[in-house]
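The values are calculated or read from the model by the stated rules, or taken from the named source; none is laboratory data. Quick caveat: nothing in here was measured; it's all calculated off a predicted structure. Neighbour counts run over all protein chains shown; Cβ positions are idealised from the backbone, glycine included. Side chains are part of the model used for accessible areas, which takes the heavy atoms of the whole protein and leaves out ligands, DNA and RNA. Shrake-Rupley method; radii C 1.70, N 1.55, O 1.52, S 1.80 Å.
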Amino acid sequence: MVIQRKFIIIGTDDNRTPFFPPEVLEHIRHGKVFSGGVRHKEIVGNLLPNDAEWISITVPLDNVFSQYEKVFSSDGYGQTDTVPRQIIVFASGDPLFFGFANTVKRKLPDAEIKLYPSFNSLQTLAHRLVMPYDDMRTVSLTGRPWIEFDRALIERAPKIGILTDREHTPATIAARMLEYGYDRYTMYVGEHLGNPEKERIRHMTLQEATQDGFEHPNNLLLCATSFPEARPFGIPDEQFAHLDGRTRMITKAPIRLLTLQALELNHRRVFWDIGFCTGSVSIEARLQFPHLTVVSFEVRAEGEELMNINSRRFGTPGITAITGDFLQTATDTLPRPDAVFIGGHGGHLPEMLMKIKEALQPDGCIVFNSVSADSKKAFMEGAGAAGLILHPSVRIALNDYNPIEIMKATLS
């Protein structure tokens, strides 16, 4: 028997006396199984039929969908023809805007969905401020990492709307922005939007936001007041903090840019930088390709401090820096790379290539800058032993430095 799954998903705001059109009220009156968060039940509880069943939406969501399956199953309640085939879900705002309808579509792609959206919370905040939002970059930090927010900052989005949670609060967001030098924004925070008794909207500087407290739920809008001068394409070497003042211990700017070109980072997703030293290659990659997930490795303990200094100096949050011997580092829990740069190998290039190959995604590449005949030979032999395919290299001489050969290998 084919199980028919139907969801009616109704968007609400935080108003304790919600207004619903007649069609929605009719669905509610005849509904049997309802679902939503605790807050939603508090809002709509008095509208539900006396015999209504409520399935709370809590994590883990797999448990919630297991309960849904019991509703849709013909023997879920030991019933047959009277088993309910439809679930009415209450969700916040627009259920397609980082909302629960997206989750239903992902987990049950064949389910029938009828939507009754409300304004999402960022729209509501913009309405309260009478602020046009057609140019707003939207980011959700609700149960999500910083990746897309960091990208919006690096790309200098002039207006950013942010959905928060209890960890990514306006205060922690402002602190992160100030830490990486993104101080030319003003912040608008909306709390309990739609709740007549609790709604509050505030306008503040980032410094003020770090010192304040905020009630949940809240969201915020960031508006740029100005931007600094455009970043150079290729950061001057002297602007980096260096290892013990050794200015030669850095991949020089022209070589960095050629290396990034060889890695083809414009269409890569995860980049590993092995032997990051000052962090120059990781930082340049992050600035030029903010969509990248960057994981960097350095054997020297001093590397951690250098990465901290330089990533903040150049406004590149989100780089995962790991110190210690790469060959002894567990990488199975890290995102698998589709681009790897080897900036240092400590004489263990063949072993390093073998380990990278095991982690590399099928269409991935490895780039190595050879500074001697010995290192070129080691890369060629190591690539051959690992079953990698070598590509034509590029040889370049820069000022008074030794010639460098930019070498590349792929799985196929």
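Structure values in brief
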item	result
Selection status of residue 199, of a type in the set (D, E, K, R), within 17 Å of residue 129 (Cβ to Cβ) and crowded, with 19+ Cβ neighbours inside 10 Å	no
Residues of the range 344-379 classified as of a type in the set (A, V, I, L, M), surrounded by 13 or more Cβ atoms within 10 Å (Cβ to Cβ) and without any contact (Cβ under 8 Å) to a residue 24 or more places away in the chain, total	0
Qualifying residue in the range 271-286 (condition: on the phi < 0 side of the Ramachandran plot and surrounded by fewer than 21 Cβ atoms within 10 Å (Cβ to Cβ))	no
Selection from the range 281-309 of residues that are of a type in the set (Gly, Ala, Ser) and at pLDDT below 95	301, 303
Positions within the range 380-398 being without any contact (Cβ under 8 Å) to a residue 24 or more places away in the chain, within 24 Å of residue 237 (Cβ to Cβ) and assigned to a strand (DSSP E or B), in sequence order	393, 395
Checking residue 381 against (1) of a type in the set (Asp, Glu); (2) under 28 Å from residue 147 (Cα atoms); (3) in contact with a Pro (Cβ under 7 Å, 6 or more places away or on another chain), the condition it does not meet	(2)
Which numbered condition residue 309 fails, given (1) farther than 17 Å from residue 280 by Cα; (2) touching a residue at least 24 places away in the same chain (Cβ under 8 Å)	(1)
Residue match in the range 340-361 (condition: over 28 Å from residue 372 (Cα atoms), of a type in the set (D, E, K, R), at pLDDT 95 or above and out of contact with any Gly (no Cβ under 7 Å at 6 or more places or on another chain))	no
Qualifying residue in the range 155-178 (condition: open to solvent by less than 20 Å² (accessible area, probe 1.4 Å) and of a type in the set (S, T, N, Q))	yes
Residue 312 vs. criteria within 25 Å of residue 175 (Cβ to Cβ), at pLDDT 95 or above and open to solvent by 10 Å² or more (accessible area, probe 1.4 Å)	yes
Top-ranked residue in the range 131-160 [being in a strand (DSSP E or B) and free of Cβ contacts under 8 Å to residues at least 60 places away in the same chain; ranked as farthest from the chain's Cα centre (by Cα)]	137
Strands (runs of 3 or more DSSP E) wholly inside the range 173-228 that include at least 1 residues being among the aromatic types (Phe, Trp, Tyr) and farther than 20 Å from residue 119 by Cβ	185-191
Of all residues in the range 106-125 being assigned to a loop (DSSP other than H, G, I, E, B) and among the small types (Gly, Ala, Ser), the one that is farthest from the chain's Cα centre (by Cα)	111
In the range 161-182, the residues that are farther than 24 Å from residue 103 by Cα and in contact (Cβ under 8 Å) with a residue 60 or more places away in the chain	176, 179, 180, 181, 182
Members of the range 26-36 found to be open to solvent by 60 Å² or more (accessible area, probe 1.4 Å) and either free of Cβ contacts under 8 Å to residues at least 24 places away in the same chain or not in a loop (DSSP other than H, G, I, E, B) (or both), listed by number	26, 29, 30
Boolean, residue 333 is assigned to a loop (DSSP other than H, G, I, E, B) and buried (at least 21 other Cβ atoms within 10 Å of the Cβ)	no
Hits in the range 1-22 - residues which are open to solvent by 80 Å² or more (accessible area, probe 1.4 Å) and over 23 Å from residue 72 (Cα atoms)	16, 17, 19, 22
Residue check, residue 188 in contact with a Gly (Cβ under 6 Å, 6 or more places away or on another chain) and outside the structural domain of residue 13 (by the TED database)	no
Only one of 39, 128 that is under 23 Å from residue 188 (Cβ atoms), at pLDDT below 95 and assigned to a helix (DSSP H, G or I)	39
Filtered residue count, the range 250-290, keeping only those that are free of Cβ contacts under 8 Å to residues at least 60 places away in the same chain and in a helix (DSSP H, G or I)	13
Filtered residues of the range 291-300 (kept if open to solvent by less than 40 Å² (accessible area, probe 1.4 Å), more than 13 Å from residue 260 (Cα to Cα) and assigned to a loop (DSSP other than H, G, I, E, B))	291
